[in-house]
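For reference, the structure discussed in these notes is given below.
The values are calculated or read from the model by the stated rules, or taken from the named source; none is laboratory data. As the structure is a prediction and not an experimental result, all values here were calculated from the model. Cβ placement follows ideal geometry from the backbone for every residue including glycine, while neighbour counts extend to all protein chains displayed. Note: accessible area is taken over every heavy atom of the protein model, side chains too, but ligands, DNA and RNA are not part of it. Shrake-Rupley method; radii C 1.70, N 1.55, O 1.52, S 1.80 Å.
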Amino acid sequence: MDVNITKALNDKLYDKRKSGALELEGLIRDALAAQDHDRIARIVHQLCHEYAYAVHQPHARNGGLIGLAAASIALGPEVARYLEEIVPPVLACFGDQDARVRYYACESMYNIAKVAKGEILVYFNQVFDALCKMAADSELSVKNGAELLDRLIKDIVSESAASYVSVLHTSEQEDPDDHEPHPFAFNLERFLPLLEERINVINPFTRSFLVAWITLLDSIPDLELIAHLPRFLGGLFKFLSDTNQDVYTMTQASLDRFLSEVKKIARIKKGIAESKRSNSKDGRIHSTDSIHSGSEATDSTPVEPQESIDDKGDASGGSGSVSGDSGKSVHGDGNWIPGQDVHVDHPKILEILVDFLIAPSDTEEEQTEILLTALRWIDNLFDICPEDIMPFVPSLLSHVLPRMSHEVDTVRKAAVKVNASLMDYILSLSDDNRPRDGTTSGQIQLPPSLSELGKELTGTQRRDSNLSGRLLKAVIRDQANKVESPEGKGTRPPTPAEERGPSPRPIPELDYQAAVSALTLQFLNEHEATRVAAIAWLIMLHRMAPGKILTVDDGTFPALLKTLSDPSDAVVTRDLLLLSQISLHSDDTYFTSFMVNLLKLLCTDRRLLETRGNLIIRQLCLTLSAERIYRTMADCLAKDEDVEFASIMVQNLNNNLITAPELGDLRRRLRNLENKDGQSFFVILFKAWCHNAVATFSLCLLAQAYEQAYHLLQVFADLEMTVNMLIQIDKLVQLLESPVFTYLRMQLLEPEKYPHLYKCMYGLLMLLPQSSAFAALKNRLNSVSAIGYLHIAPRTTSYVPTSSPTLNHLRQKSSEVGPNSSGIPSSSSGGVPTFDRPNRLKPREGEGSVKWTELLDRFKQTQEKARRSQRMASMGEEEEMLEKTGSAPPMPTLPVRNAGLRPGSPAGAMRPPPTPAAAQGQAQGHKPRSSLSNLGRFAGGVAGRRKDKK
């Protein structure tokens with residue numbers, strides 16, 4: 001350069017540097033006209049190394065920047081061969097500490113890029129990196145200059161990025177191959193690592209810069225940025241949590257664009273696959289034999305809906321060729337459709353989305369938008385790539401179900417929608433999800449009321465669970481074989497999964513064990529909605545594959561049993577439904593184990609027994625065979641050594657037997673003691689019901705065994721009438737006024753046919769104290785007492801000794817019996833009744849008759865055992881109180897302890913033992929809240945007795 005030019009470029013005044021640059025521009029134009037490239041190269045080299053790289057001379061750097069811009073303008077199209085030396089020093093000035101140098105660097109690069117145009121794309125990564133840093137510059141002038149440069153580079157990229165080849169490459173290659181990626185000036189593969197690095201920035205201005213560039217690159221059709229979406233999707237999602245509203249708006253619009261593009265590509269591929277399948281069918285039909293035209297029309301019908309689907313995309317004209325011309329592409333001469341060759345990595349996208357469902361431990365509010373967008377993407381992917389979702393089902397269950405209890409309503413609704421879509425997709429994989437009884441599959445999603453689902457299990461499945469289990473497994477096996485075999489797909493109707501369109505690869509099988517493990521962990525969630533959804537999923541999965549999950553030896557059974565203690569009624573109801581469903585598809589061993597473990601749980605958790613005992617019994621009877629449940633539980637309770645728990649459990653079972661609408665068939669079955677099945681059922685219940693005196697009496701009333709009930713009342717006279725027993729009798733009197741015992745009240749009108757019924761009613765009246773129940777029963781008996789008097793014949797010739805209370809009570813006999821009174825049962829010298837009833841209880845000679853005397857003896861033994869256990873428990877409590885207080889010496893307690901008078905002797909068996917003073921005080925001051933709470937007071941005494949036994 002001339003001396004004048006060098007001096008002007010070093011001047012501190014901008015005008016002088018500008019005039020020097022204009023002189024330099026003329027000098028280079030002359031050299032270019034003279035083809036003096038060597039001098040041009042020396043001038044460029046001098047500008048770079050003596051001016052632009054002069055770090056400690058800001059005026060010289062400014063002069064070098066304006067000189068390089070002038071040289072580029074002068075060179076024009078020939079600047080391409082010098083860009084390798086011009087661009088690096090200008091980019092180096094972008095990082096200068098002086099804001100003016102940074103601004104002049106932007107100005108210089110703007111002029112260079114304006115001249116170079118597409119050639120600047122060779123250095124796109126370096127320019128983009130510099131602009132990314134300048135977007136967050138603190139100086140407004142620098143930021144404005146960078147914005148102008150950014151706008152110019154975007155224009156160049158949108159025009160030339162997809163097709164521009166550098167002049168240097170064309171000069172080196174005589175026959176360039178445009179289809180290879182390396183000759184193009186802009187290479188997306190080289191740019192993406194830089195984008196992956198910069199996508200993690202926090203500055204909102206830089207984020208806006210990145211989103212704008214991503215949107216621009218995605219708008220260029222030939223670049224196909226959508227194929228590389230997983231590489232930067234995670235960072236893009238994080239932008240949604242930015243506090244800057246502009247960043248959020250831009251990011252949301254960009255993500256919506258990507259989602260719509262993914263949908264469009266999936267539609268195009270689905271249409272092409274459908275067309276290929278249709279054309280292949282046509283080829284097979286024409287190659288084998290000539291089929292009538294109706295079958296050809298049928299083969300071409302799947303093509304038509306695809307046209308309307310593809311018309312929704314952007315290129316509606318091209319989409320029409322999906323169905324019309326894609327058949328030609330099979331032979332190689334079809335039209336190319338934009339997007340048909342793009343591969344979107346759906347599994348990788350799903351992996352990124354699932355990771356965003358995990359809530360960070362910091363602030364939940366910042367992640368709300370990310371959660372919403374991730375859930376919306378996942379829900380849309382069910383229509384785009386359902387076959388790719390299957391491996392992620394356990395992870396989705398682990399993260400989506402907790403979101404169903406999210407504090408934000410929009411997130412909660414989105415999670416519920418994803419859960420419903422996932423459940424519908426899993427159900428659509430097998431034809432077995434369609435209920436055979438005509439109910440819809442929507443009931444499996446478990447509405448708040450479980451009555452609809454309970455009805456599904458109360459049909460034919462209730463009677464023969466083993467048969468239904470085998471049939472269900474066979475159906476599932478057949479359906480699986482049909483799905484796997486190609487012939488099966490052509491013969492059976494399409495499932496909802498197939499109606500979505502053919503998948504590019506076979507759908508993988510669901511990992512049932514991983515799904516069950518993920519669902520079982522949700523039992524520990526603190527929110528009710530999540531626990532309910534988890535059990536609903538287990539119910540559905542077990543219905544689909546009862547042989548694969550929740551089997552007899554599965555470790556989830558204890559967790560399901562423990563869930564019965566859940567505070568939510570909805571959770572307990574669904575848990576019972578699942579346990580019942582498992583029992584339906586298992587053998588008798590599992591059912592017995594289920595009943596035994598349930599009784600153990602109720603024995604351990606008395607609060608569960610008090611609050612949920614009735615609910616558990618009723619729900620199980622609704623979904624399983626009620627008679628089977630009562631038989632199994634009665635058999636277990638008859639052998640139970642814990643008399644206190646057995647008494648409480650029998651009371652609960654008896655209350656449900658009398659009042660539950662679900663047990664109406666069972667009550668009608670008990671009234672029929674004429675057949676063998678009814679007799680055996682009554683005997684099994686009676687042996688267990690002996691633990692509770694009032695329950696045994698009410699069982700006899702249900703079975704219309706009034707004579708047996710009357711003899712039980714005679715035993716009641718020798719029992720100690722506790723407050724709990726009086727409360728139970730009070731409840732029984734109230735139940736006698738209910739519709740369940742309508743038949744009994746009607747039988748009071750026939751005293752000659754049911755003589756012992758009167759004795760039972762009056763016996764209850766004698767046991768009750770003066771209370772409201774006493775008055776109600778007395779009013780009822782008084783309303784029919786006149787009928788009883790009409791049938792009482794005067795007994796002037798016969799004399800009944802007063803020492804026989806049984807015969808005194810049996811004097812009320814019908815006048816139709818005759819003066820010989822042969823129908824009146826007589827007592828032997830020992831006071832044991834002969835049970836010679838003229839009607840129901842007459843003993844049969846044949847096999848299977850009820851042995852009433854043995855049952856009565858068992859009742860006496862059981863009650864005596866309970867009395868001894870209660871007395872020992874009360875004595876154990878008294879000893880503990882004396883040891884704690886230390887106020888009384890141990891000697892005075894000896895007479896109280898020996899006051900039982902041989903508890904095991906026959907003489908003392910029917911006589912109430914003297915009650916200790918402390919126990920009497922407790923009985924007098926006790927408030928009758930409920931029967932379970934009264935019996936619960938003896939828990940400590942039973943524990944003390946067990947310690948003594950040890």
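What to note about this one:
- LEU216 vs. criteria assigned to a helix (DSSP H, G or I), over 36 Å from the mean Cα position of the chain (by Cα) and either more than 20 Å from ASN187 (Cβ to Cβ) or at pLDDT 90 or above (or both): yes
- Taken together, LEU653, LEU601, LEU615 contain a single residue that is touching a Leu at 6+ places or on another chain (Cβ under 7 Å) and of a type outside the set (Ser, Thr, Tyr), which is LEU601.
- Hits in the stretch 82-101 (condition: within 23 Å of ILE43 (Cα to Cα) and of a type outside the set (Asp, Glu)): TYR82, LEU83, ILE86, VAL87, PRO88, PRO89, VAL90, LEU91, ALA92, CYS93, PHE94, VAL101
- Filtered residues of the stretch 680-706 (kept if touching a Ser or Thr at 6+ places or on another chain (Cβ under 7 Å) and open to solvent by 10 Å² or more (accessible area, probe 1.4 Å)): HIS691
- Listed conditions (1) in contact (Cβ under 8 Å) with a residue 24 or more places away in the chain; (2) over 25 Å from ASP355 (Cα atoms); (3) assigned to a helix (DSSP H, G or I) are all met by GLU189, apart from (1).
- There is at least one residue in the stretch 253-273 that is touching a His at 6+ places or on another chain (Cβ under 9 Å), within 16 Å of THR373 (Cα to Cα) and open to solvent by less than 30 Å² (accessible area, probe 1.4 Å).
- Among the conditions (1) open to solvent by 20 Å² or more (accessible area, probe 1.4 Å); (2) part of a helix (DSSP H, G or I), the only one that GLN35 does not satisfy is (2).
- Only one of LEU47, LEU91 that is among the aliphatic types (A, V, I, L, M), at pLDDT below 90 and either closer than 16 Å to LEU152 by Cβ or in the same structural domain as LEU140 (by the TED database) (or both): LEU47
- Against the conditions (1) within 21 Å of ALA116 (Cα to Cα); (2) part of a loop (DSSP other than H, G, I, E, B); (3) of a type outside the set (Phe, Trp, Tyr), VAL55 satisfies every one except (1).
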